[in-house]
Amino acid sequence: MIKSKSHAEQDLSLKPDETILSQGRIGLGIYWPTVAVAILSLLIAVVVHPNLGGFLLMVAILMFVIAYMRRLVTIVVVTNQRVHIRQGIFMTESVQLRLEQIESVEIFRTPVGMALGYGMLVVTGTGGRNTIVPYLDNVADVRQAIDEGVQGDAARSHAV
């Protein structure tokens, strides 16, 4: 029986001794700005001017398409050896940090993020390199996997 590989495993080229600890998921919270602009466009169409409302509705549709594409292409994977983050539509940023290169992992949550259940992950590597991933549904799980991976890596390096 052949086990099919996940989207992340196909894109990452995992090493033979590398296993996935956690995968980040971009949540539905990524769409809230789109919904806000769509509601605003309807209000403006009724109260101010239909053409202006129609223009804002077109902007909301464009925002939805961009958010959908960002949700589709963003990958956050924590393995027992590294953290891989790939994001971007028109210009792709792909960052791979070995666990021993990670200095800190932070979570930021706005009031809207708390209400909708998402957070922003900030991974800081050696040299001050920050990688920010917004709208993660399982941000606490990803952070915990990174922490466990870093602690496991430190324990392995001290045992040697």
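The values are calculated or read from the model by the stated rules, or taken from the named source; none is laboratory data. Owing to the predicted nature of the structure, the values given are computational and were not obtained by experimental measurement. Note that we place each Cβ from the backbone using ideal geometry, even for glycine, and neighbour counts take in every protein chain shown. All accessible areas refer to the heavy atoms of the entire protein, side chains included, with ligands and DNA or RNA removed. Shrake-Rupley method; radii C 1.70, N 1.55, O 1.52, S 1.80 Å.
Once the C-beta distance of residue 52 and residue 140 is scaled by a Förster radius of 30 Å, the resulting FRET efficiency is 0.15 to the nearest 0.05. Taken as entire DSSP H runs, the helices of the chain that both span 18 Å or more between Cα atoms along their own long axis and average 0.0 or more on the Kyte-Doolittle scale are 32-47, 50-73. Within the listed set 110, 124, 79, the residue fluctuating most in the Gaussian network model of the chain (springs between alpha-carbon atoms under 10 angstrom) is 110.
Over region 103-148, what is the mean sequence separation of C-alpha contacts under 8 Å (at least six apart), divided by residue count, expressed as relative contact order in percent?
Working: 67 pairs, mean separation 16.8, N = 46.
Dividing the mean separation by the residue count of region 103-148 yields 37 percent.
Restricting the calculation to Cα atoms, region 28-83 yields a radius of gyration followed by a Dmax of 16.4, 56 Å. Each label point was placed 7 Å from the Cα along the Cα-to-Cβ direction; for residue 59 and residue 90 their separation is 1.7 nm. Put 49, 84 in order of accessible area, highest first, and with a 1.4 Å probe you get 49, 84. Average accessible surface for the chain: 62 Å² per residue, computed with a 1.4 Å probe over protein heavy atoms with every protein chain in place. Carbon-plus-sulfur fraction of the accessible area of region 16-160, 1.4 Å probe, in percent? Looking at region 16-160 in its full context, I get 65 percent from C and S.
Relative to the present Cα-Cα distance, how much length would full extension add between residue 66 and residue 43 at 0.36 nm per residue of separation? Spell out each step's value before the answer.
Numbers: separation 23, 0.36 × 23 = 8.28 nm, distance 2.30 nm.
Full extension from residue 66 to residue 43 adds 6.0 nm.
With Cα atoms as the point set, the radius of gyration and Dmax of the chain evaluate to 19.4, 71 Å. For region 71-130, the Stokes-Einstein estimate of translational diffusion at 37 °C and a viscosity of 0.692 mPa s comes to 257 µm²/s, using the Kirkwood hydrodynamic radius over alpha-carbon pairs. Sequence-distant contacts, meaning Cα pairs under 8 Å at least 6 residues apart, place the relative contact order of the chain at 22 percent.
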